[in-house]
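Undergrad: Quick one: structure below, then a few questions.
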Amino acid sequence: MRVYLAVPLISVACGSSSAPKSARSGDSALPTAGSADSGVPESEPVEVFRFGIIADPHVTGAGDHLDRLNAAVTHLNAAHTDAPLAFVAVLGDIAWGGGWDVSRDALSALTMPWVPIQGDNPIQVGEEIGFSTTFGPQLDALATQLDGWQRGSIPTPDPVYGEVWLTNLAFEVQGVTVVGLDLNSREVGTILGETPDLFDIPGGTLPFFESVLDGLEPDGLDARVLMLTHMPMLYGLGFFDLDEVAVLEERLSGRADLLGINHAGHLHAHAEGDWPELGFDVTVTDATWDDDNSVRLVTVSATDRRFIWTSEPQVVHTR
């Protein structure tokens, strides 16, 4: 069953395959605006690399959620043996309470680099700093494992919250720029805690994102920026509000050709959508702890003009 939510359209497909619009049937053969201007046909896409996604493990201690995370790790290690994965992204709400150390130990069994992203739940229970304490050494280690590694400084002074521990990062894989953005609101105890925040402050998330985009070479392929977040980059009820939409579209519209796809979690379902005005797709991966235990495998291909993103959720069998 598919459920259709507010603009921009996001299709939620529980337990079914989901792919971004750039991967839909026949789309890979469509010319870009640049190729239409030149009259030269776009080349056929060629696979460049693959990566994996784990979303929302929700580990609070030993038990079923940890068992599911362990099974997801085993599944991705097997996939890596079959065909290498450049990295695995863990898209937030990894742990809190008694789950920090055991979740870190479970993820440390991955046989490829793994990139942890902050989620909203640790913030809501007052454990924002627990993420940096637990996963800081892993983030430090990634500087020697991934090309072009960048991290935003922490903590960051904030006029509303005093200071925030924003986990913003970036790295390069085969011509793709991967940006991990901390969009989790620091509002605690209200519904606003379930919505994203741009943190458009010195040292904040939006300035970090802009600095990464500003540093890109002008002669790369289109759609070469992968945005990893916990909260999906969408607008409407429960997502970015009208003021935030206006800011993003004003600040990013001149670089929209760089933006490829946003992979996110948070919704506890497999879903897809897009941000038409900025030209990027949004794909959401279901939580490992909820419904069928599942992960996602993403294939990154390229033509002579752009990157193409295709993905497939995979059910993990917990033994």
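Here, each number is a calculation from the coordinates, and none is a lab measurement. Keep in mind it's a predicted model, so treat the numbers as computed, not measured. Reconstructed Cβ throughout: ideal geometry from the backbone, glycine too, with neighbour counts over all protein chains shown.
Undergrad: What are the residues whose amide H is under 5 Å from the amide H of Arg306, where those residues sit 5 or more places off or on another chain and H is modelled from the backbone?
TA: Asp222
Undergrad: Give, as a single signed number, the net charge of other residues whose beta carbon lies under 9 Å from the beta carbon of Thr299, with Lys and Arg counted +1 and Asp and Glu -1. Let's see the in-between values first.
TA: Working: positive: Arg50; negative: Glu47, Glu312.
Result for the local shell: -1.
Undergrad: Rounded, prolate or oblate: which fits the range 87-206 when a ≥ b ≥ c are the square roots of the eigenvalues of the alpha-carbon gyration tensor, with rounded for a/c under 1.5 and prolate only if a/b beats b/c? List each step's numbers first, then the result.
TA: Details: a/c = 2.01, a/b = 1.28, b/c = 1.57.
Oblate, since a/c reaches 1.5 and b/c is not below a/b.
Undergrad: Could you work out the relative contact order of the chain? I mean the mean sequence separation of Cα pairs under 8 Å and 6+ apart, divided by the number of residues, in percent.
TA: Once divided by the residue count of the chain, the mean separation gives 25 percent.
Undergrad: Specify whether the C-alpha gyration tensor of the range 275-319 places it in the rounded, prolate or oblate class, a ≥ b ≥ c being the square roots of the eigenvalues: rounded for a/c under 1.5, otherwise prolate if a/b is larger than b/c and oblate if not. Walk me through the numbers on the way to the answer.
TA: Numbers: a/c = 6.54, a/b = 1.93, b/c = 3.38.
It is oblate, given that a/c is not under 1.5 and a/b is not larger than b/c.
Undergrad: Taking the simple approach of a point 7 Å from Cα along Cα-to-Cβ for both His317 and Thr144, what is their distance in nm?
TA: About 3.8 nm, to one decimal.
Undergrad: Where does the chain land at 222 nm, in deg cm²/dmol rounded to the nearest 500, when only DSSP H runs of n ≥ 4 count, each adding -39500 (n - 2.57), divided by all residues?
TA: Roughly -7000 deg cm²/dmol at 222 nm, from the helical runs in the chain.
Undergrad: Further, regarding this structure: At 0.36 nm per residue, and after removing the present C-alpha to C-alpha distance, how many nm does the segment from Asp291 to Ala83 gain when stretched out fully? Can you show the working numbers first?
TA: Details: separation 208, 0.36 × 208 = 74.88 nm, distance 2.69 nm.
Stretched fully, the Asp291-Ala83 segment lengthens by 72.2 nm.
Undergrad: Expected output is a single nm value to one decimal: the length gained when fully extending between Thr133 and Asp241, i.e. 0.36 nm times separation in residues minus the C-alpha distance. What is it?
TA: 35.7 nm
Undergrad: How big is the chain by the Kirkwood estimate over distinct Cα pairs, in Å? Write down the numbers at each step before the final one.
TA: Values: mean 1/r = 0.0508 Å⁻¹.
When all Cα pairs of the chain are included, the Kirkwood radius is 19.7 Å.
Undergrad: Let me ask something else. Specify whether the C-alpha gyration tensor of the range 53-125 places it in the rounded, prolate or oblate class, a ≥ b ≥ c being the square roots of the eigenvalues: rounded for a/c under 1.5, otherwise prolate if a/b is larger than b/c and oblate if not.
TA: Numbers: a/c = 2.54, a/b = 1.67, b/c = 1.52.
Taking the square roots of the gyration eigenvalues as a ≥ b ≥ c, the range 53-125 is prolate.
Undergrad: Among Gln124, Ala89, Pro157, flag the residue with its Cα farthest along the positive direction of the charge dipole of the range 80-187, charges on Cβ as +1 for Lys/Arg and -1 for Asp/Glu.
TA: Ala89
Undergrad: I've got another one for you. Under a Cβ-Cβ cut-off of 13 Å, what is the net charge of the residues other than Ser132 that fall near it, where Lys and Arg count +1 and Asp and Glu count -1?
TA: Around Ser132, the charge tally is -3.
Undergrad: Related question: If I build a Gaussian network model for the chain, linking alpha-carbon pairs within less than 10 angstrom, which residue out of Thr167, Thr144, Thr195 has the largest mean-square fluctuation?
TA: Most flexible of the set in this elastic network: Thr144.
Undergrad: Amide H of Asn184: which non-local residues (sequence gap of 5 or more, or other chain) have their own amide H closer than 5 Å, using H built in the peptide plane?
TA: Asp197
Undergrad: Apply 1/(1 + (r/R0)^6) to the Cβ-Cβ distance of Val188 and Val46, taking R0 = 51 Å, and write down the FRET efficiency to the nearest 0.05.
TA: Approximately 0.60, to the nearest 0.05.
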